[in-house]
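Down below is the structure, laid out as structure tokens.
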Amino acid sequence: MTGVGYQRMVEAMQRNDASMDGRFYVGVLSTRIYCLPSCKARLPKIENVRFFPTREEAIATGLRGCKRCKSAEYPDVLPQWLHAVMAYMRANRSVKLDEQRLMEMTGVNISTVRRYFKSHLKMTPLAFHRQLRLRYARELLEAGIDYLNAAYECGYESASGFRDAFVRQFGHPPGRYYARG
């Protein structure tokens, strides 16, 4: 059907596994609604559940989208402000970002931004940006930029802070990637 086994789909539905969203849809025949596996609505009885590989197949059997998980809109359920935040983060990998700047950019309360990132990306917005910055640092090191310049280019104010963050992210010090020309 979708490359995902029946038992795995049941488990994903029971765990509200967002990583499985879009890989299949959960049809609840008793309510005539189809949901994403991550839907937080009360779990249906398993005898009332049918799994669909696509939204179109669920609709063809007479089901409608869930208003709670917005399955009819998936994957277009990303808030508008998120696109601007992600573009800013990718374009500004050399700047250390703070939550005040995120609030100014989005016009959204920082707790909402943080909650969205944690539920969909499993990390805070600052952790996501730090990850982007460290990947950029690795690219710089591989291109032959020395350790200190890579650290400062990525917004780190101290070499030791950069090294510690790099080791936490990649499991080894930045020197491993440095392409000595």
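The values are calculated or read from the model by the stated rules, or taken from the named source; none is laboratory data. Just so you know, these numbers come straight off a predicted model, no measurement behind them. As a convention, Cβ positions derive from the backbone with ideal geometry for all residues, glycine included, and neighbour counts pool all protein chains shown. Calculation scope for accessible area: heavy atoms of the full protein, side chains included, ligands and nucleic acids excluded. Shrake-Rupley method; radii C 1.70, N 1.55, O 1.52, S 1.80 Å.
Quick look at the numbers
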| read-out | value |
| --- | --- |
| Output for the range 56-111, where each listed residue is of a type in the set (Gly, Ala, Ser) and not in a loop (DSSP other than H, G, I, E, B) | ALA58, ALA60, GLY65, ALA84, ALA87, ALA91, SER111 |
| Pairs where the first residue, in the range 97-121, is modelled with pLDDT under 80 and the second is assigned to a loop (DSSP other than H, G, I, E, B) and open to solvent by 30 Å² or more (accessible area, probe 1.4 Å), C-beta under 9 Å, 6+ apart | HIS120/LEU78 |
| Subset of the range 1-55 (residues that are loosely packed, with under 15 Cβ neighbours inside 10 Å and either of a type in the set (Gly, Ala, Ser) or in a helix (DSSP H, G or I) (or both)) | GLY3, GLY5, TYR6, GLN7, GLU11, GLN14, ARG15, SER19, SER30, ILE46, GLU47, ASN48 |
| Number of positions in the range 136-152 that are part of a helix (DSSP H, G or I) and either more than 22 Å from LEU102 (Cβ to Cβ) or modelled with pLDDT under 90 (or both) | 11 |
| ALA127 farther than 28 Å from PRO37 by Cβ, of a type in the set (Gly, Ala, Ser), free of Cβ contacts under 8 Å to residues at least 24 places away in the same chain and surrounded by fewer than 16 Cβ atoms within 10 Å (Cβ to Cβ) | no |
